[in-house]
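Q: Got a structure for you, questions after.
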Amino acid sequence: MTQKAELGKSGEDLACRYLVDKGYKILERNFRKPWGELDIIAKSPEKILVFVEVKTVRQSSPQAVRQFGNQSGNGFGGAKLPDSGIEPEMQMTVAKIKKLKRTATLYAGHYPELIDNRQGWRIDLLALTINEKDCVIKHYENI
């Protein structure tokens, strides 16, 4: 597994743990179709179907918003990963958002039983910044 793939998988694992800690139920991970991918599909504590996009970067020092705790056993094997130099949110381009919305719409249309008609569904972004000791998670709802 490449360092980038390992970082991405670790970020998604941390994102799932964060969501479960917040009362979300994980329904599916890494839903892939030729037209797009959904990182995490979950039900919020309010029973809203939520499509969660996870963006993870590696940096020397986090910009603290929410500290997830010491992640020394995070699966990186102590390897030093290169700094990305950007915030994870910066990876969300207009084209990526458009593709994400299209994939979420198709999924929601295929599984209408998962949607509460009064509340609908939404797309969230979890932006993770990982350093040697911590993981900072920023949760943006309904992007």
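The values are calculated or read from the model by the stated rules, or taken from the named source; none is laboratory data. Just so it is clear, the structure is predicted and the values come from calculations on it, not from any experiment. Using ideal geometry, Cβ is built from the backbone for each residue, glycine included, and neighbour counts are taken over all protein chains shown. Only protein heavy atoms, including side chains, enter the accessible area calculation; ligands, DNA and RNA are left aside. Shrake-Rupley method; radii C 1.70, N 1.55, O 1.52, S 1.80 Å.
Q: Select from the range 102-143 the residues that are open to solvent by less than 30 Å² (accessible area, probe 1.4 Å) and over 26 Å from ASP13 (Cβ atoms) and list them in ascending order.
A: GLY120
Q: Counting only residues that are among the hydroxyl-bearing types (Ser, Thr, Tyr) and open to solvent by less than 20 Å² (accessible area, probe 1.4 Å), which one in the range 1-19 is farthest from LYS133 (Cα to Cα)?
A: Ranking the qualifying residues of the range 1-19, first place goes to TYR18.
Q: Condition first: touching a Gly at 6+ places or on another chain (Cβ under 9 Å), open to solvent by 70 Å² or more (accessible area, probe 1.4 Å) and either modelled with pLDDT under 90 or part of a loop (DSSP other than H, G, I, E, B) (or both). Can you find one or more residues in the range 68-81 that meet it? Let's see the steps before the verdict.
A: Our first condition is that a residue be touching a Gly at 6+ places or on another chain (Cβ under 9 Å); within the range 68-81, this holds for 72.
From the residues that got through so far, the ones that are open to solvent by 70 Å² or more (accessible area, probe 1.4 Å) too are 72.
Add one more test, that the residue is either modelled with pLDDT under 90 or part of a loop (DSSP other than H, G, I, E, B) (or both), and what stays is 72.
Yes: the range 68-81 contains one or more residues that are touching a Gly at 6+ places or on another chain (Cβ under 9 Å), open to solvent by 70 Å² or more (accessible area, probe 1.4 Å) and either modelled with pLDDT under 90 or part of a loop (DSSP other than H, G, I, E, B) (or both).
Q: Would you confirm whether any residue within the range 96-112 is under 27 Å from CYS135 (Cα atoms) and modelled with pLDDT under 90?
A: no
Q: What pairs can you find where one residue is in the range 119-143 and on the phi > 0 side of the Ramachandran plot, the other is in a strand (DSSP E or B) and surrounded by 14 or more Cβ atoms within 10 Å (Cβ to Cβ), and their Cβ atoms are less than 8 Å apart, with a gap of 6+ or different chains?
A: Close Cβ pairs satisfying both conditions: GLY120/LEU49; ASN142/ARG122; ASN142/ILE123; ASN142/ASP124.
Q: So, one more: From VAL65, VAL52, grab the single residue that is in a loop (DSSP other than H, G, I, E, B) and either modelled with pLDDT of 95 or more or of a type in the set (Val, Ile, Thr) (or both).
A: On inspection, the qualifying residue turns out to be VAL65.
Q: Specify the residue that is least open to solvent (accessible area, probe 1.4 Å); the eligible residues are those in the range 20-43 that are modelled with pLDDT of 95 or more and out of contact with any Leu (no Cβ under 9 Å at 6 or more places or on another chain).
A: Ranking the candidates gives TYR24 first.
Q: Give me the pairs: first residue in the range 13-29 and more than 14 Å from VAL54 (Cβ to Cβ), second residue assigned to a helix (DSSP H, G or I) and open to solvent by less than 60 Å² (accessible area, probe 1.4 Å), beta-carbon distance under 8 Å, and six or more apart or on different chains, which are they?
A: So the pair list comes out as LEU27/LEU114.
Q: Looking at the range 120-128, is at least one residue farther than 13 Å from GLU53 by Cβ and modelled with pLDDT of 95 or more?
A: Within the range 120-128, the first condition is being farther than 13 Å from GLU53 by Cβ, and the residues that meet it are 120-121.
Narrowing the set further to residues that are modelled with pLDDT of 95 or more leaves 121.
Looking through the range 120-128, at least one residue is farther than 13 Å from GLU53 by Cβ and modelled with pLDDT of 95 or more.
Q: If you go through the range 89-138 one residue at a time, how many are part of a helix (DSSP H, G or I) and touching a Cys at 6+ places or on another chain (Cβ under 7 Å)?
A: Number satisfying all stated conditions: 0.
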